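Single-structure report; data block below.
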Amino acid sequence: MTLAEPHAGLSQAALPHDPVLLDATDARLIDHLHGGFPLTDRPFAEVGRALGLNEVTVIARLRRLLGQGVLTRFGPLFQIERAGGRFVLCAMAVPEERFDAVAAEVNAQAAVAHNYRRDHRLNLWFVIGTETEDEQPAVRTAIESATGLPVHAFPKLREYRVELRLPATGPLTSAGRPQPAAAALGCQACDPQTGLQAAMPEPRPAVAPSDTGAITRTAVPRAAGAPLSPFERALVTATQAGLPLVERPYEAVGAMLGVDGGSVREALAAMLEAGLVRRIGAVPNHWRLGWTANGMSVWDVDDAHIDALGAQLATLPGVSHCYRRPRHGAQWPYNLFVMLHGRQRAEVEAQARQVAALLAPHCRGHEILYSTAILKKTGLRLAGAA
């Protein structure tokens, strides 16, 4: 492993889908690191102290979980829209006999951050992430030129909710299904029926003062929507694939950038405060954790009520992403997108009934598009990354 390769990657052609049985320590580690990662000199040692593990064990377990596809990444999750960038959800209707070839063309675009197969006429759904909004059309045009198929864009008009902690699986029940971590691990914030953690604001991790003193270039608060500074951009490209799994990861990143670890930590702290980094930590492959029923529910909601209703939906357990997006004529009348998760489809359908009850009488119809394969899940990739 080199510093330019933070951790072993997986082929993005097809991420593993089969659920795995985790031991209690792995489950605790995943759940703990989904909530944040310390901005301290030896953060893995700090995580270990909280869980009763040593530093070497924490790092070794994370390497194994990444290698098994239980985690897809470990590091900062960037919200590039806070720096003038853009994430756009797109969809294509791909003939079955061409699906693999078209998916490969889409995945070949570095700007494609996520790509899923879904059981619908529009069967390929992916997210394009770019540093500026002006770059978006060129990526879509490149895909259309390579495939000869239209790309339908669903840009975000309003965000009501992003992020849900799907707890790691516990022991199998007598019926052969993984127990929710709420039961296996004593999750205090989880719904007892679903095992899902209720939607709530992500806590900001405490930031320890840098042991190198104040760094003026990174201590200045960034203006809302300001483009990335040269140092911030270099930091994003150095860490967007993940943090190095070494004892002092921030020092390792700093060595790549020609600064000390304190500068890296202070810059990340400022980016967290500004919302440019959503969180730092583990990104689980929810399929491997047993959450194999993942439905993108789409709803045709009265425009006059959608914002108030979207804000209410954002508080429901099971809702991980909730957005307002544009309709696409009579063929796509839906303007509210709500991601729902369960271990079986029956659980997702029960959640959808809750959503329908909340939206009534302001909803004219809905569909649930279930994910059937994760084709790519890398997150943001700015040009120039290693």
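Tabulated values for the structure
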{"item": "Which numbered condition ASP303 misses (of (1) charged (D, E, K, R); (2) in contact with a strand residue (DSSP E or B) (Cβ under 8 Å, 6 or more places away or on another chain); (3) more than 30 Å from ALA373 (Cβ to Cβ))", "result": "(2)"}
{"item": "Residue check for ARG73: at negative phi and either of a type in the set (Ser, Thr, Tyr) or open to solvent by 30 Å² or more (accessible area, probe 1.4 Å) (or both)", "result": "no"}
{"item": "In the range 297-308, residue nearest to the chain's Cα centre (by Cα) [restricted to those that are open to solvent by 10 Å² or more (accessible area, probe 1.4 Å) and under 25 Å from ALA91 (Cα atoms)]", "result": "ASP307"}
{"item": "Hey, LEU62 under 15 Å from the mean Cα position of the chain (by Cα), modelled with pLDDT of 95 or more and surrounded by 16 or more Cβ atoms within 10 Å (Cβ to Cβ) or not", "result": "no"}
{"item": "Hey, ASP26 charged (D, E, K, R) and either under 17 Å from GLU247 (Cα atoms) or open to solvent by 10 Å² or more (accessible area, probe 1.4 Å) (or both) or not", "result": "no"}
{"item": "Yes/no for ALA350 being in a helix (DSSP H, G or I), free of Cβ contacts under 8 Å to residues at least 12 places away in the same chain and open to solvent by less than 50 Å² (accessible area, probe 1.4 Å)", "result": "yes"}
{"item": "GLU232 of a type in the set (D, E, K, R) and either in a loop (DSSP other than H, G, I, E, B) or surrounded by fewer than 16 Cβ atoms within 10 Å (Cβ to Cβ) (or both)", "result": "no"}
{"item": "Single residue of the range 235-264 satisfying the filter (open to solvent by 10 Å² or more (accessible area, probe 1.4 Å), under 24 Å from the mean Cα position of the chain (by Cα) and of a type outside the set (Gly, Ala, Ser)) that is modelled with the highest pLDDT", "result": "VAL246"}
{"item": "Pairs with Cβ under 7 Å, 6+ apart, first in the range 145-156 and in a strand (DSSP E or B), second open to solvent by less than 30 Å² (accessible area, probe 1.4 Å) and basic (Lys, Arg)", "result": "PHE154/ARG325; PRO155/ARG325"}
{"item": "Sole exception among (1) under 30 Å from MET256 (Cβ atoms); (2) open to solvent by 60 Å² or more (accessible area, probe 1.4 Å) for LYS376, by number", "result": "(2)"}
{"item": "Segments classed as strands (runs of 3 or more DSSP E), wholly inside the range 41-139, with at least 1 members that are among the hydroxyl-bearing types (Ser, Thr, Tyr)", "result": "71-78, 112-118, 124-130"}
{"item": "Residue identified as more than 17 Å from the chain's Cα centre (by Cα) and open to solvent by 10 Å² or more (accessible area, probe 1.4 Å) among LEU358, LEU369, LEU336, LEU313", "result": "LEU358"}
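The values are calculated or read from the model by the stated rules, or taken from the named source; none is laboratory data. These figures come from a predicted structure and were not determined experimentally. Virtual Cβ from ideal backbone geometry, glycine too; neighbours counted across all protein chains shown. Calculation scope for accessible area: heavy atoms of the full protein, side chains included, ligands and nucleic acids excluded. Shrake-Rupley method; radii C 1.70, N 1.55, O 1.52, S 1.80 Å.
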